[in-house]
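This report refers to the structure that appears directly beneath it.
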Amino acid sequence: MTSGDGQQYYGEAQGSGGWNPAPYGGQPAGPPPQGAPYPGPYGQPYGYPYPPPQRTNGLAIASMVLGIVWVYWIGSVLALVFGYIAKRQIRERGDAGGGMATAGIVLGWVGIGFLVLGLVAAIATA
């Protein structure tokens, strides 16, 4: 069929019995060129799937946060406790977060060191 100005409508039958191409300019459906393999239904069949992401140990996160915050040096003590427990759990379970646990332990000891220096300075001035 044609419109009033002589243009063919897309998707309608031509006079020869065939069909017009799709209006989006895609290649016509058909077999791939000679020598080309047929594509699989779901993409490439080889390789391994992505491994599941490793869980970060919650005590390691808590240790690092408390080591940063200090909270009147109670945070430093808790950072040490949580950090050492987290290191043991990470070693046993294979969780992620070993660096955070180490950072919490180091910052906890730094906080304890400042507490000791503060106590020594307070006693020396008294």
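The values are calculated or read from the model by the stated rules, or taken from the named source; none is laboratory data. Everything numeric in this text was worked out from a predicted model, so none of it was measured. Every residue, glycine among them, receives a Cβ derived from its backbone with ideal geometry; neighbour counts consider all protein chains shown.
Below is a table of values for the structure above.
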quantity: One residue from Trp73, Trp109 being at pLDDT 95 or above and surrounded by 12 or more Cβ atoms within 10 Å (Cβ to Cβ); calculated: Trp109
quantity: Within the stretch 55-70, tally of residues that are assigned to a loop (DSSP other than H, G, I, E, B) and modelled with pLDDT under 95; calculated: 2
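Residues are listed down the side, and each one gets a yes or a no for (1) of a type in the set (Gly, Ala, Ser); (2) outside any helix (DSSP H, G or I); (3) more than 18 Å from Ala60 (Cα to Cα):
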residue	(1), (2), (3)
Val77	no, no, no
Tyr84	no, no, no
Gln89	no, no, no
Met100	no, no, no
Ala103	yes, no, no
Leu115	no, no, yes
Ala121	yes, no, yes
